[in-house]
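Enquirer: Dropping the structure in here first, questions after.
The values are calculated or read from the model by the stated rules, or taken from the named source; none is laboratory data. Not measured: the values here are computed from a predicted model. Cβ placement follows ideal geometry from the backbone for every residue including glycine, while neighbour counts extend to all protein chains displayed. Remember, those area values only see protein heavy atoms, side chains included, never the ligands or the DNA or RNA. Shrake-Rupley method; radii C 1.70, N 1.55, O 1.52, S 1.80 Å.
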Amino acid sequence: MIVYKTEEEIEFMRASAKVLAQAHGEVAKLIREGITTRELDQRAEEFIRDNGGQPSFKGYNGFEYSLCISPNSVVVHGFPGDYTLKSGDVVSIDCGVLLNGYHADSAYTYPVGEVTPEVTKLLEETKKSLYLGIEQAVAGNRMGDVSFAIQNHVEKQGYGVVRELVGHGIGKKLHERPDVPNYGKRGSGLKLQTGLTLAIEPMVNLGTKSVIQEKDGWTIRTKDLKPSAHFEHTVVVRKDKAEILTSFEYIEKALQ
């Protein structure tokens, strides 16, 4: 069942999204060579709890962490731990916040130190594809319009769009219906209506679209071991223009 949100519910999600955006900003301040992914996870959880929220991911289907931290060829669902960031790495930070009974979810991928020009371009184009998809998340459009906008842009750059993992509805539950694929045909799929809240999240690989799941049951890695990028916003479908609830402003300020 698809759950359309009232304006009151959207306000609750907006509050979750603000704490989430600020938590991302706190993590962004720490992204550098020599820091462990566990330290990033600890800072995120501390900030979220200090601001009245709960980490959406911690305890979700047995996941033990507040962040999914996915370096280099890891697409999503990487475990924080002893891995130490080094120059040339690219690392996706995915985080969710539950506040007042409602979730928000977003992700950002960072270069660490000096990365190659092709990796820089991968991050830029994946982030751009997120906003192209969001532009299509307006009432009267179809889900396929969102999906096509993302796929069309990144495949023109020669990248692979992951098929096995998709965006999703979000609200009282972290994952709600409908699915939001990052590939599809214009004019196909669910007709979008106002009040639909979605987590739109392109997952784009420098090489092949093919991925493998590791034995831990969580970590998803590119089959060719080339880098992957992941950007995500929580948005509301509106009549003329999608409203983005989450924000990268705190991340971008930290990176200046």
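Enquirer: Would you mind telling me the antiparallel percentage of the DSSP bridges in the chain, rounded to 5?
Expert: Of all bridge pairs located within the chain, approximately 95 percent are antiparallel.
Enquirer: If I take every Cα pair under 8 Å that is 6 or more residues apart in segment 8-102, average their sequence separation and divide by the length, what percent do I get for the relative contact order?
Expert: Values: 155 pairs, mean separation 34.0, N = 95.
Computed value for segment 8-102: 36 percent relative contact order.
Enquirer: Tell me, in nm to one decimal, what length is gained between Leu225 and Lys172 on full extension, where the rule is 0.36 nm per residue of separation less the Cα-Cα distance? Walk me through the numbers on the way to the answer.
Expert: Details: separation 53, 0.36 × 53 = 19.08 nm, distance 3.56 nm.
Fully extending the segment from Leu225 to Lys172 adds 15.5 nm.
Enquirer: Here's something else I'd like to know. For the chain, what does the alpha-carbon gyration tensor say about shape, rounded, prolate or oblate, given a ≥ b ≥ c as the root eigenvalues, a/c under 1.5 as rounded, and a/b over b/c as prolate? Numbers along the way, then the final one.
Expert: Details: a/c = 1.64, a/b = 1.14, b/c = 1.44.
Verdict is oblate for the chain.
Enquirer: With each pseudo-label sitting 7 Å past Cα toward Cβ, what's the Ala139-Gln157 distance in nm, one decimal?
Expert: 3.3 nm
Enquirer: Something else: I'd like to check one number: the per residue accessible area of segment 7-255, probe 1.4 Å, reported in Å² as a whole number.
Expert: On the way: 10620 Å² over 249 residues.
Value returned for segment 7-255: 43 Å² of accessible area per residue.
Enquirer: Please report, as a whole percent, how much of the solvent-accessible surface of the chain comes from carbon and sulfur atoms (probe radius 1.4 Å). Kindly include the intermediate steps, with their values, before the conclusion.
Expert: Working: 5330 of 11230 Å².
Looking at the chain in its full context, I get 47 percent from C and S.
Enquirer: What are the membrane-span-like helices in the chain by this rule: whole DSSP H runs, Cα extent along the axis at least 15 Å, mean Kyte-Doolittle hydropathy at least -0.5? Mind dumping the intermediate values first?
Expert: Values: long enough: 7-28 (31 Å, -0.15); 37-50 (20 Å, -1.59); 117-135 (27 Å, -0.38); 143-156 (20 Å, -0.21).
Helix filter hits for the chain: 7-28, 117-135, 143-156.
Enquirer: Then there is this: Length gain on complete extension for the stretch Ile35 to Ile2, per 0.36 nm per residue less the alpha carbon to alpha carbon distance?
Expert: Details: separation 33, 0.36 × 33 = 11.88 nm, distance 4.08 nm.
Contour length minus the Cα-Cα distance gives 7.8 nm.
Enquirer: Take the chain, connect every pair of alpha-carbon atoms lying under 10 Å apart with a spring to form a Gaussian network, then pick out the residue of Leu198, Leu190, Leu174 with the largest mean-square fluctuation.
Expert: Highest fluctuation of the listed residues: Leu190.
Enquirer: Shifting gears a bit: Taking a spot 7 Å from the Cα of Gln213 along the direction of its beta carbon, which residues of segment 62-88 have an amide N less than 17 Å from it?
Expert: 62-64, 74-79
Enquirer: Pop a pseudo-label 7 angstrom from the Cα along the beta-carbon direction at both Gln256 and Asn100 and give the gap in nm to one decimal.
Expert: Those two pseudo-labels are separated by 2.8 nm.
Enquirer: Continuing with this model, one more query. Quick one: accessible surface of His175, probe radius 1.4 Å, all protein chains present, in square angstrom to the nearest 10.
Expert: Counting only protein heavy atoms, the figure is 80 Å².
Enquirer: Still on this structure, I have one more. Multiply the residue gap between Ser87 and Glu243 by 0.36 nm, knock off their C-alpha separation, and tell me the result in nm, one decimal place.
Expert: Numbers: separation 156, 0.36 × 156 = 56.16 nm, distance 3.53 nm.
Difference between extended and current length: 52.6 nm.
Enquirer: Leaving ligands, DNA and RNA out of it, work out the accessible area of Arg163 with a 1.4 Å probe and give it in Å² to the nearest 10.
Expert: Per-residue accessible area (Arg163): approximately 70 Å².
Enquirer: How big is the gap, in Å, between the Cα center of segment 158-178 and the Cα center of segment 74-148?
Expert: Value for the Cα centre distance between the two parts: 12 Å.
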